[in-house]
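Report on the structure given below.
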Amino acid sequence: MTKLTSKTFKSNKIDLVILAGGKGTRIKQYLKDYPKPMLKFNKIHFIQYLLNKFAKYPFRNIYILTGYKSNKIFKKYNGKYINFIKIICIKEKKLMGTGGALYSLKNKLSDFVLINGDTFFDIDINSLINNSKKCIGSLALIKNNNQKSKKLNFLNLDKNTVKYDSRGKLMNGGIYYFKKEIFKNISNTKISLENQILPKLIKNKKIYGVIFKNFFIDIGST
């Protein structure tokens, strides 16, 4: 059972951000005109599983960054509450990449947890936050057991700092904790968090990593 601590979430100043703008090209035949995070499993939208899992933590707000077919997500979730946490949906006016989409929240966020809307990783958020130390943020890592995902593969740890390693057997688990300082590295341009921002921060030893062995699924590549 997840242990929630007020020590970690001081004054509820930490927000949750869900990246939910993906088209789901590889699983288009299953989507039935819905955006990828709205794919149904046992008649429940995938993003609902994420909300059920992470709303157990006392986040201040939950922001869902939408893009493709955003009206479907807005209709279902915008302005609603889950576990007394307000859900706020934001639509990209134009495609700005995962980094550019995140920039739209620059003046709304302090420290925050960021999760991909197409992956479920059953981890303890407290462990991720408490291991950020003096870095800009921390990344949840999982052993790469032949996952097809190409988002930040071949990773390893050097004294808890994430590094690239051609023989590394770790990969990005799609959950991050960032301090507000991250916005110094994000501009109001089309930019990818996974392909441009994070690689630079990793090379500069600014990202801590925490390895988890918990349940993981990427609905876009499995």
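General observations
- Per-residue HN-Hα couplings for the range 64-71 [Karplus 6.51, -1.76, 1.60; θ = phi - 60°; Hz; x = Gly/Pro]: 10, 8, 10, x, 5, 6, 4, 4
- Cβ charges +1 (Lys, Arg) and -1 (Asp, Glu), total dipole of the range 36-88, debye: 140
- Reported value for the range 40-92: 76 Å³ per residue, from the convex hull of its C-alpha atoms.
- Where the alpha-carbon atoms of the range 70-111 are placed on the principal axes, they occupy 29, 27, 12 Å, in descending order.
- In this structure the amide hydrogen of residue 162, modeled in the peptide plane, comes within under 5 Å of the amide hydrogens of 207, 208, 209, none closer than 5 places in sequence on its chain.
- DSSP beta bridge pairing in the range 97-216, given as percent antiparallel to the nearest 5: 75
- Of every Cα-Cα pair in the range 89-222, the percent that sits beyond 20 Å: 43
- Members of 13/53; 53/179; 69/106; 13/213; 184/205; 43/190 lying beyond 26 Å, as alpha-carbon distances in this model show: 13/213; 43/190
- Rounded to 5, the percent of DSSP beta bridges in the range 60-140 classed as antiparallel: 20
Coordinate-derived values only; no laboratory data. Bear in mind the structure is a predicted one, so any value in this text is a computation, not a measurement. So basically every Cβ, Gly included, is an ideal-geometry build from the backbone, and we count neighbours across all protein chains shown.
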